[in-house]
Amino acid sequence: MNRKEAIALDRKDPFAKKRKLFQLPKGKIYLDGNSLGVLPKAAVARVKHAVEVEWGGDLISSWNKHGWWELPHKVGDKIAKLIGAPSGSVVAIDTISVNLFKVLSAAINKRYERKIILSDSGNFPSDLYVAQGITQFMNDGHVLKVVEPEQVFDAITEEVGVVMVTEVDYRSARRHDMKAITARAHAKGCLVIWDLAHSAGAVPGRLMEVDADFALGCTYKYLNGGPGSPAFVFVHPRLQNEVVPALVGWWGHANPFAFDQTFLPAHGVARFRVGTQPMLNLVALDAALDAYQGVSMQKLYGKGKKQCAMFADLAEARCGKYGITLFGSRNWDERGSHVCLEHKNAYAVMQALIARGVVGDFRAPNLMRFGFTPMYTSYADVYDAVEHLHEVLAQRLWNKKKFLARKAVT
Ligand SMILES: *Cc1c(COP(=O)(O)O)cnc(C)c1O
């Protein structure tokens, strides 16, 4: 592959026209949309309206007049379409960690007599922390069991109450087989919680098809909702009125404006709401999701996989001699839309790349992570990123004091 061929791919790319919906930072090749998506231009006008007209002018009447109260559900319905869930089964609220607390507590309660929560070592640490927090608080023999990702299927037994796994590994990009794991869990009488943080907006969602019980995910990654945009919760319709989270609040009450002294859960997924939501973030997310109108998730994922494969192949071919290797499987159908490369000086190499305008991130201990967001990443970006990587390595441009010192956020 040469640069001309990459440009030819861009010319034929059906998603090339989506690129202009986004404000791409000038002079940068942004390959970190899997961590913080870029700004959708539509969000600028929408937030401006929400600030000046809704907050600035209509103030409290905006809860009704501008649909603020219902917005978590309206946004949830837009997300539902992307993750294979029916309308009314998803609500956009809080963070993944908070939502996981709600969903996991509800699931544990439903399988109370079973003491094991099963997860794997590829899961995002925050998910494991939430489970540790709950079991420590319960102090009644519930335990978190963490196995290797490849062992999850076999570790699902009748002692397990809840299987809590993330579809796409945040480092290796390995995808779990959602259908097989969920089917096995149901056969053994367990409930399953899927974290779609690195799936939503990148990988076609199949929640109903795989018969998931619960799911959650964030919206500031591939969905471009902006920093701190609310996460989402999915609860299968058969469970929505059967479970109650341990964390509840007035927004999840059956009749919030009756101000009853006793909690009575709202009908459906609304009971997973807790308290007042960040409306400015929600309107930004609402506008951001419109970029997905008319998009085939299969085709979008197809482009993502192709870009991942192109990047990994070029990087290994051009930079293998400097110690670059692909982390994770080469089976692109079993992966999400990012690539981690291993290198012993990964942190400094990434800092040198960022200084040149190629933005990815670093994940301990020795990984450089590059996200391919097919809605706005071009094939020329992929090609050029490898050229920069090659230069940084060949000329040892990373070997400078300023690139070696660690920052707080990596
Ligand atoms: C990004 C990510 C999170 C982040 O959780 P927040 O509580 O929303 O900050 C959680 N889980 C996984 C798997 C992630 O990739």
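A short reminder: the numbers here are calculations on the coordinates, not readings from a lab. Keep in mind the model is a prediction, meaning the values are calculated, not measured. Glycine also receives a Cβ, built like all others from the backbone with ideal geometry; neighbour counts cover every protein chain displayed.
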For segment 1-142: rounded, prolate or oblate by the Cα gyration tensor [a/c cutoff 1.5]: oblate
Lysine pairs in segment 47-126 with Cα atoms under 20 Å, if 8 or more residues apart or on separate chains: 5
Prolate/oblate/rounded label for segment 16-78 (Cα gyration tensor, a/c 1.5): prolate
The chain: angle of helix 96-110 to the longest principal axis, Cα-based, in degrees nearest 10: 40 degrees
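Once the piece of chain linking Ser87 and Arg330 is laid out straight, how much longer is it, given 0.36 nm per residue of separation minus the C-alpha distance between them?
Working: separation 243, 0.36 × 243 = 87.48 nm, distance 3.55 nm.
In short, 83.9 nm is gained.
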Karplus (6.51, -1.76, 1.60) ³J(HN,Hα), θ = phi - 60°, over segment 290-307, in Hz, Gly and Pro reported as x: 5, 4, 7, 4, x, 8, 7, 5, 4, 5, 4, 4, x, 5, x, 4, 5, 5
Distant-in-sequence amide H partners of Arg335 (H built 1.01 Å from N, under 5 Å): Arg175
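What share of the DSSP beta bridges in the chain is antiparallel, in percent to the nearest 5? Intermediate values should be presented prior to the final figure.
Working: 23 of 41 bridges.
Once the DSSP bridges in the chain are tallied, antiparallel ones form about 55 percent.
Would you work out if the chain is rounded, prolate or oblate? Take a ≥ b ≥ c from the square roots of the eigenvalues of the alpha-carbon gyration tensor; rounded if a/c is under 1.5, else prolate when a/b is larger than b/c, oblate otherwise.
Values: a/c = 1.94, a/b = 1.34, b/c = 1.44.
Verdict is oblate for the chain.
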Cross-link reach list, lysines versus Lys321, counting only Cα pairs under 24 Å and skipping chain neighbours closer than eight places: Lys306, Lys344, Lys400, Lys401
Distance from segment 163-240 to segment 279-349 (C-alpha centre basis), Å: 18 Å
C-alpha long axis of helix 379-394 to longest principal axis of the chain, angle in °: 60 degrees
Helix 3-12 vs. the chain, principal-axis angle (Cα, 0 to 90°, nearest 10): 40 degrees
Rough spin-label spacing in nm, given labels placed 7 Å along Cα→Cβ, for Trp55 and Ala246: 3.4 nm
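How much length, in nm to one decimal, is gained on full extension between Thr262 and Arg3, taken as 0.36 nm per residue of separation minus their Cα-Cα distance? Display every interim value, and only then the final one.
Details: separation 259, 0.36 × 259 = 93.24 nm, distance 6.51 nm.
In short, 86.7 nm is gained.
Please give the peptides 180-193, 51-64 ranked by average Cβ packing (other Cβ atoms within 10 Å per residue), highest first, as a rough proxy for protection.
Working: 180-193: 19.4, 51-64: 13.2.
Packing proxy ranking, top to bottom: 180-193, 51-64.
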For segment 207-213, 3J(HN,Hα) per residue [Karplus equation, 6.51 cos²θ - 1.76 cosθ + 1.60, θ = phi - 60°, Hz, x = Gly/Pro]: 4, 6, 4, 8, 6, 4, 7
Likely footprinting exposure, Thr262, Thr157, Thr135, fewest C-beta neighbours within 10 Å first: Thr262, Thr157, Thr135
Extension gain, Asp140 back to Asn109 (0.36 nm per residue minus Cα-Cα distance, nm): 9.9 nm
